[in-house]
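The values are calculated or read from the model by the stated rules, or taken from the named source; none is laboratory data. Given the structure is predicted, the values throughout are model-derived calculations rather than measurements. Heads up, the Cβs are rebuilt from the backbone with ideal geometry, glycines too, and the neighbour counts pull from every protein chain shown.
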Amino acid sequence: MANPATHLLGLAVAAHGGLDRFNQFKTVSAHLALGGLMWTLKHQEGVMRNGGVWVTVDLHREPVSYAPFKLPTWRTTFTPERVAIETTEHARFPVFEWPTSATA
């Protein structure tokens, strides 16, 4: 029996122009207002909600970026190999390399 999630994905991709059309795009971005108990517990309430943030996802790899983050000139960058806070001028704060190894 086919995986229902795979079938649903196939329907969604077909409904929006097919795989060739999907492969024409590199990233997708959305303007979000994020909140919840996690941010309150970390004493960071509103950090991803005040004015919203832009979330950009690479459609063919795993990188994700949130901007702004805390300050208008800061953004986060996540890849499987590193988590970082950067400025829009590309300056980096200390980087957390190989974040999955910290939870293994």
### Task
Exactly one condition in (1) outside any loop (DSSP other than H, G, I, E, B); (2) over 17 Å from Y66 (Cα atoms); (3) modelled with pLDDT of 90 or more; (4) not charged (D, E, K, R) is not met by S29; state its number.
(2)
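Yes/no per residue for (1) loosely packed, with under 14 Cβ neighbours inside 10 Å; (2) touching a Pro at 6+ places or on another chain (Cβ under 7 Å); (3) not β-branched (V, I, T):
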{"residue": "K42", "(1), (2), (3)": "yes, no, yes"}
{"residue": "E45", "(1), (2), (3)": "no, no, yes"}
{"residue": "V53", "(1), (2), (3)": "no, yes, no"}
{"residue": "L59", "(1), (2), (3)": "yes, no, yes"}
{"residue": "E62", "(1), (2), (3)": "yes, yes, yes"}
{"residue": "Y66", "(1), (2), (3)": "no, no, yes"}
{"residue": "T73", "(1), (2), (3)": "yes, no, no"}
{"residue": "T76", "(1), (2), (3)": "no, no, no"}
{"residue": "E86", "(1), (2), (3)": "no, no, yes"}
### Query
Regarding L19, is this residue touching a helix residue (DSSP H, G or I) at 6+ places or on another chain (Cβ under 8 Å), at pLDDT 85 or above and not in a loop (DSSP other than H, G, I, E, B)?
yes
## Note on the structure
segment 51-104: strands (runs of 3 or more DSSP E) wholly inside it with 3 or more residues that are within 17 Å of S29 (Cα to Cα) and at pLDDT 75 or above are 53-58, 64-67, 74-79
### Task
Report, by residue number, each residue of segment 32-50 that is of a type in the set (A, V, I, L, M, F, W, C) and either outside any strand (DSSP E or B) or touching a residue at least 40 places away in the same chain (Cβ under 8 Å) (or both).
A33, L34, L37, M38, W39, L41, V47, M48
